[in-house]
Structure formats: C-alpha cells, structure tokens
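The values are calculated or read from the model by the stated rules, or taken from the named source; none is laboratory data. Everything numeric here is computed off the predicted structure, so don't read it as measured data. Reconstructed Cβ throughout: ideal geometry from the backbone, glycine too, with neighbour counts over all protein chains shown. Please note that ligands, DNA and RNA were not included when accessible areas were found on the heavy atoms of the full protein model with its side chains. Shrake-Rupley method; radii C 1.70, N 1.55, O 1.52, S 1.80 Å.
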Amino acid sequence: MTRRNAYRWWLSAVFALLAGCERRPDSGPVVVSAIGAHPEARPGADLPSRLLVDAIGQGLVRFDAAGQIEPGLAERWIVIDGGTSYIFRLREAYWADGKRVTAEQVVRLIQRRIASPANPLSPFLTAVDEAVVMTPQVIELRLKRPRLDLLKIFAQPEMALIRPAPAIGSGPMRIASAGTAPLLQPAFDPGLADPEDQAEVAPEDRVHLIGERAARAILRFARSKSDLVSGGRFVDWPLLATVDLPRNAARVDPAAGLFGLAVTRREGFLSDPRHRAALSEAIDRAALTAALNPQWEPIDRILPEALDSAAPPQVPEWLLLTLEQRRAAARALVAAWAGTAAGEAAGGLVTVSIALPAGPGSTILFGQIAASFGTIGVGTTRVAASAPADLTLIDEVAPYDSARWYLATACRPCDLTAVAALGAARDAATLGARSEGIAAADAAMNADVAFIPLAQPLRWSLVSSRLAAWAPNARAWHPLNRLRADPK
C-alpha cells in the first residue's frame with residue numbers, strides 16, 4: 001500500500017468511526033472552523049482573517065446572513081446626484097478601547113483602505129473622488145463618475161475599518177481572548193434599549209474562531225467539536241464523500257463569480273484565438289462538474305447575465321453544436337497546426353500546462369480537462385497554482401454585481417480592444433456609456449477567447465443544527481455575528 005493510499009484509508013476509517021458522534025447541543029460558544037491559516041486582525045485574502053476583521057472592524061455597511069446590505073457604522077444613507085454622491089449618517093459607536101468613533105477617523109480610514117495597494121478591491125474604487133466630513137455625524141463619498149453598486153463593495157470585509165497599532169475595531173464583536181484561535185463576544189451597542197442587558201454575555205453568544213486545513217476542519221466537525229466549517233471549495237469537496245455526515249449538514253452556496261481557465265501565456269498554438277476556442281469547445285463541462293458534484297452548475301460564458309452591460313452575455317460560436325461536432329472541428333484545427341512550420345518545430349505535438357491549487361478536487365478537475373483535451377490531440381501537464389503556465393485557474397466569488405468585475409477579473413491578459421473597452425467603461429461619465437463600454441468589452445473578450453468558463457464557483461459549508469440563522473447566499477459570506485437565530 002502506497003503512503004497516499006494508506007493516508008486515505010486512515011482518513012476514511014477515522015471519519016467512519018467518528019460519524020456517529022452526537023451532535024453539539026446549543027450550549028457554549030459557537031465553534032467555527034474557517035479553512036485557511038490562523039486568523040489575524042488585519043485585512044487579507046485568507047478567509048479566517050477576513051471573518052475576524054469583518055467581526056471586529058465593521059465598515060459603513062456590512063452583509064447580513066442572506067448576503068444583503070445592513071447598517072454598520074452608518075445607520076442610514078442616501079444616494080443623490082445620479083449616483084455620484086453617497087451621504088451616510090453615522091450611528092453612535094465605540095472602538096474596543098472605549099473611545100468614541102468620530103467622523104474624522106472614519107473618513108481617514110476609508111481613504112486609507114481605498115488607497116491601499118494590498119486591497120484587492122482598490123481597482124474597482126477608482127470612481128471615488130474623496131470622502132469628506134459634513135457634520136460630526138454625517139460623511140459624504142463624492143464620486144467622479146456615477147456608480148450605483150458601491151454599497152456592496154463597501155460591505156466587503158476588505159473595507160472594514162480598523163485602527164492600526166494595535167489593531168482594534170468597533171464591533172459588532174470584540175476579541176474576548178486573543179491567540180491563534182480567538183474567542184469573540186458581542187460588543188457593547190449603545191443603540192440597544194437596555195445597556196444593562198449587555199453587561200453579561202451568554203456563553204452561546206460567543207464565537208471561537210479557528211483557522212485550519214480542510215481535513216482537520218472536517219474531522220473536528222465529524223467529532224462534534226465544532227458547529228460550522230466555512231470556506232469549503234471544490235479542491236476539498238471530495239473529502240466529504242468519506243464522511244457519514246448528519247442529514248443536511250453539507251450546504252452549498254449559490255455563489256456568483258468566475259470559475260474557469262485564464263489563458264495566461266499566448267505562445268505557439270495558443271497565439272491564435274481559434275486555437276484557444278478549440279480548447280474551450282473540447283471540454284465536456286457536464287461531465288467535469290458531475291465528476292465532483294452532480295448539482296454543480298456548468299457555465300459556458302463569462303457573464304452569468306447582462307447585469308450592467310448594455311447587451312445580453314456573449315456566447316461562444318460553438319454553443320449550438322453537439323460535443324462530438326465541436327471536438328471534430330477542434331481536432332481539425334490541432335492537426336492543421338501540427339503541419340505548419342511552428343507545429344513541425346514543436347515536433348507536431350500540442351501540450352498545454354495548467355496551474356491548479358493542491359487538493360483532491362484539483363486532481364479530479366485536471367483529469368477531466370486532460371481527458372477532454374486528449375480527444376482533440378492536445379496533451380496536458382499540471383503545475384502548481386503559483387507556477388507560470390499556459391492556463392491558470394480562476395476561482396473567485398464576485399464581490400458585487402457588475403459585469404465589469406467579471407470581465408476585468410477574467411482578463412489575464414486579454415486583447416487590447418477588450419482592455420480599451422474596459423478602461424472606457426471604468427472612466428465613463430454616464431451609466432449609459434459605462435454599459436456600452438462593458439458590452440463592447442464582453443464582445444471583444446468572447447472573440448479573443450481570453451478565458452475558458454467552466455462552472456460557477458463551488459462554495460460549501462458544514463452547518464450544525466444549532467446555527468438556525470445560517471443562510472446560503474450569492475456572496476458565499478457568513479458573518480460570525482449572524483449564525484444563531486436571534487432570541488425571541
């Protein structure tokens with residue numbers, strides 16, 4: 001027995017042994033295993049840190065359990081001047097050290113988050129011209145160009161406001177016990193009717209946040225030592241098949257976003273958009289997604305719907321052909337290229353490399369893609385996610401509902417026509433011009449075949465029965481203060 005097979009046997013045996021453990025009662029802190037590294041109180045791409053920052057350092061607005069906008073530091077707001085001015089009225093709030101949050105601090109921290117090169121949302125905030133204090137309770141965001149989707153960007157944890165050195169926020173939770181697995185509890189809220197009710201925190205209102213690998217998180221849940229596994233992706237989905245989980249414990253979010261292959265190196269065979277299209281049309285998407293999860297939705301276009309584009313989503317030319325017809329046309333292109341001077345110099349072989357993250361889901365995904373490419377005479381090699389490659393997997397949930405996010409995220413790189421159209425959409429002075437620019441970029445990227453869509457992002461959680469407030473949503477975001485139902 002190989003070491004890998006021995007490990008799989010051991011993992012299956014342990015999971016089977018522990019599957020019959022009793023469920024956790026609704027008592028004591030809620031234990032959350034977030035897949036990733038140990039959480040840190042600073043904005044970052046890692047899920048445990050994002051959850052921690054969102055819990056202790058809310059922004060102007062935030063997401064609720066259903067992925068909808070709810071108040072954060074702002075108790076209400078209005079949008080005026082055709083989407084070029086957002087005015088927020090701040091509520092009474094306090095930092096973790098007991099000092100009151102001021103409008104000047106809020107404005108300064110917002111400006112810092114927008115300008116931060118480490119903030120992945122910064123490229124989508126170029127329309128914000130300035131943040132200004134209007135009164136001690138009111139601030140305004142002034143925009144160079146109209147944007148009607150700004151609130152969903154500001155609800156992301158990357159826009160949470162935290163005072164540096166030491167890192168402290170304004171709630172809705174506080175760190176009761178620090179460390180690699182912090183214990184959180186509700187923060188004092190002066191807006192509640194009876195402050196005395198907040199003097200003592202019930203153990204059930206606390207959250208113990210743990211950052212760990214998916215296998216350990218699943219094992220902890222199987223042993224009834226946690227209430228939630230958050231942040232599951234396609235790479236770890238196969239691990240669930242080895243566990244006899246409680247009924248309905250595994251939940252899948254209807255996540256909106258991108259899951260596909262960006263053409264990151266355009267050399268040789270891949271220098272021609274017809275050849276890039278040949279790879280796309282060769283893939284059996286239904287078989288690919290079914291190999292991991294029969295309910296996983298395959299996708300054949302970049303945009304899920306028109307969103308803020310002036311036109312319906314562009315679709316590939318081969319869409320109405322059968323799989324065999326598509327593969328026959330693709331095989332002919334591969335064979336024709338092999339007979340050219342460039343093809344002969346390459347030995348008549350076409351091989352593409354694919355950068356994928358580690359994990360059993362990636363192994364299944366690679367096998368499906370390699371099999372599809374093999375039907376048209378294209379060989380495939382797998383490299384690490386960070387390695388240079390011909391094709392690189394993009395697996396991201398959309399932070400807000402704009403077609404420009406989808407196109408800009410899929411462009412790694414893309415045709416100069418698409419780049420120019422995306423720039424025109426970004427800088428458009430009117431919403432109509434922005435929509436036209438987005439539609440032009442979608443058409444250019446479809447013709448360029450800069451991205452090969454495969455499916456919608458697969459995001460899953462393991463949820464215990466005590467977390468009645470947990471809800472699936474398009475953002476695949478589950479804030480720590482919105483897990484248990486509010487007491488009646």
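At-a-glance table
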{"quantity": "Total residues in region 454-488, condition closer than 30 Å to residue 265 by Cβ and open to solvent by less than 10 Å² (accessible area, probe 1.4 Å)", "calculated": "4"}
{"quantity": "Qualifying positions in region 55-91 - of a type in the set (Gly, Ala, Ser) and over 27 Å from residue 182 (Cβ atoms)", "calculated": "82, 83, 85"}
{"quantity": "Tally of residues being touching a strand residue (DSSP E or B) at 6+ places or on another chain (Cβ under 9 Å) and either surrounded by 15 or more Cβ atoms within 10 Å (Cβ to Cβ) or in a loop (DSSP other than H, G, I, E, B) (or both) across region 122-141", "calculated": "10"}
{"quantity": "Qualifying residue in region 234-253 (condition: assigned to a loop (DSSP other than H, G, I, E, B), modelled with pLDDT of 95 or more and over 28 Å from residue 478 (Cβ atoms))", "calculated": "no"}
{"quantity": "Criterion violated by residue 335 - all others in (1) hydrophobic (A, V, I, L, M, F, W, C); (2) open to solvent by 60 Å² or more (accessible area, probe 1.4 Å); (3) assigned to a loop (DSSP other than H, G, I, E, B) satisfied", "calculated": "(3)"}
{"quantity": "Subset of region 402-453 that is of a type in the set (D, E, K, R), open to solvent by 50 Å² or more (accessible area, probe 1.4 Å) and modelled with pLDDT of 95 or more - its residue that is nearest to residue 45 (Cα to Cα)", "calculated": "426"}
{"quantity": "Odd one out for residue 349 among (1) open to solvent by 10 Å² or more (accessible area, probe 1.4 Å); (2) at pLDDT 95 or above", "calculated": "(2)"}
{"quantity": "Identity of the residue in region 83-101, farther than 11 Å from residue 73 by Cβ and without any contact (Cβ under 8 Å) to a residue 60 or more places away in the chain, that ends up least open to solvent (accessible area, probe 1.4 Å)", "calculated": "85"}
{"quantity": "Single match in 409, 430 (criterion: closer than 19 Å to residue 300 by Cβ and out of contact with any helix residue (DSSP H, G or I) (no Cβ under 7 Å at 6 or more places or on another chain))", "calculated": "409"}
{"quantity": "Helices (runs of 4 or more DSSP H) wholly inside region 371-488 that include at least 2 residues being closer than 30 Å to residue 84 by Cα and free of Cβ contacts under 8 Å to residues at least 60 places away in the same chain", "calculated": "416-427, 431-448"}
{"quantity": "Residue, nearest to the chain's Cα centre (by Cα), within region 247-272, restricted to residues that are over 22 Å from residue 214 (Cβ atoms) and open to solvent by 50 Å² or more (accessible area, probe 1.4 Å)", "calculated": "264"}
{"quantity": "Top-ranked residue in region 39-57 [being under 20 Å from residue 165 (Cβ atoms) and open to solvent by 40 Å² or more (accessible area, probe 1.4 Å); ranked as modelled with the highest pLDDT]", "calculated": "40"}
{"quantity": "Test for residue 276: is it more than 30 Å from residue 48 (Cβ to Cβ), in a helix (DSSP H, G or I), without any contact (Cβ under 8 Å) to a residue 60 or more places away in the chain and not β-branched (Val, Ile, Thr)", "calculated": "no"}
{"quantity": "Total residues in region 347-366, condition in a helix (DSSP H, G or I) and either aliphatic (A, V, I, L, M) or touching a residue at least 40 places away in the same chain (Cβ under 8 Å) (or both)", "calculated": "5"}
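Residue by residue, here is whether (1) of a type in the set (Val, Ile, Thr); (2) at pLDDT 95 or above; (3) open to solvent by less than 70 Å² (accessible area, probe 1.4 Å); (4) at positive phi holds:
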residue: 165; (1), (2), (3), (4): no, no, no, yes
residue: 177; (1), (2), (3), (4): no, no, yes, no
residue: 184; (1), (2), (3), (4): no, yes, yes, no
residue: 200; (1), (2), (3), (4): no, no, no, no
residue: 206; (1), (2), (3), (4): no, yes, yes, no
residue: 222; (1), (2), (3), (4): no, no, yes, no
